[in-house]
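Contents: one structure, followed by commentary.
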Amino acid sequence: MRQREAPARVLVDGRNVQHALARAGAADLPTAALVARLRAAFAPPTEIELVLDGHPIGSPSGRIGPGFQVTFSRGASADRVIGERVGEVLRSLGAAGAWSVVVVTDDREVRNHARRSGARVEGTAWLVDRLSAGPAGRATIGNVAPHRPKG
């Protein structure tokens, strides 16, 4: 996959991203707000799967729109679920499509497993930047352009 091509599938380690956003100064971001920001940051046909630890108590889950899935790990860890998804996606795409799969995480074990499987790995900083800019550098919902005086 060339640098400018959109990924076919993005698997997001949700709690990692929520923690990264908090470190970047964002307020505690509920799952529903993270879903909205992710949907704004990736244009179709990119498919997004947000994987979170725990149970979907009061949060969106399942297929919530075209090309967007929210998965809660329930009894397993999100790391394990992401590892399983990487395997499933790569089996369906084959070796030639491996680089079009992006796993977003700062977790060393998840990163190493995804790379060994042939997927591309990006840290949460990559996604935080993308959430700020949206696809093709457009501002996402909630971002306001700075005021520029006429001169």
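The values are calculated or read from the model by the stated rules, or taken from the named source; none is laboratory data. Predicted model, so just to flag it, every value in this text is computed and none were measured. Ideal geometry is used to build each Cβ from the backbone, glycine not excepted, and the neighbour counts take in all protein chains shown. Heads up: the accessible areas ignore ligands, DNA and RNA and are worked out on the full protein's heavy atoms, side chains in. Shrake-Rupley method; radii C 1.70, N 1.55, O 1.52, S 1.80 Å.
Among the residues that make up the range 48-56, is at least one of them more than 15 Å from the chain's Cα centre (by Cα) and among the charged types (D, E, K, R)?
no
Being in a loop (DSSP other than H, G, I, E, B) and either charged (D, E, K, R) or in contact with a helix residue (DSSP H, G or I) (Cβ under 8 Å, 6 or more places away or on another chain) (or both) is the filter; apply it to the range 57-93 and report the residue that is most open to solvent (accessible area, probe 1.4 Å).
Once the filter is applied, the top-ranked residue is ARG74.
Restricted to the range 109-142, and to residues that are of a type in the set (A, V, I, L, M) and under 21 Å from ARG15 (Cβ atoms), which residue is modelled with the lowest pLDDT?
Out of the qualifying residues, it is LEU131.
All but one of (1) surrounded by fewer than 12 Cβ atoms within 10 Å (Cβ to Cβ); (2) modelled with pLDDT under 90; (3) not aromatic (Phe, Trp, Tyr) hold for SER100; state the number of the condition that does not hold.
Answer for SER100: the failing condition is (1).
If you check ARG74 against the conditions, is it farther than 15 Å from THR124 by Cα, among the basic types (Lys, Arg) and out of contact with any strand residue (DSSP E or B) (no Cβ under 7 Å at 6 or more places or on another chain)?
yes
Can you tell me which of ALA32, ALA20 is loosely packed, with under 15 Cβ neighbours inside 10 Å, in a helix (DSSP H, G or I) and of a type outside the set (Phe, Trp, Tyr)?
ALA32
Please go through the range 103-129 and give me each residue that is open to solvent by 20 Å² or more (accessible area, probe 1.4 Å), out of contact with any Leu (no Cβ under 8 Å at 6 or more places or on another chain) and polar (S, T, N, Q), ordered by number.
Scanning the range 103-129 gives a single hit, ASN112.
For the list (1) under 21 Å from TRP126 (Cβ atoms); (2) assigned to a helix (DSSP H, G or I), I need the number of the one condition that ALA96 fails.
Looking at each condition in turn, ALA96 falls short on (1).
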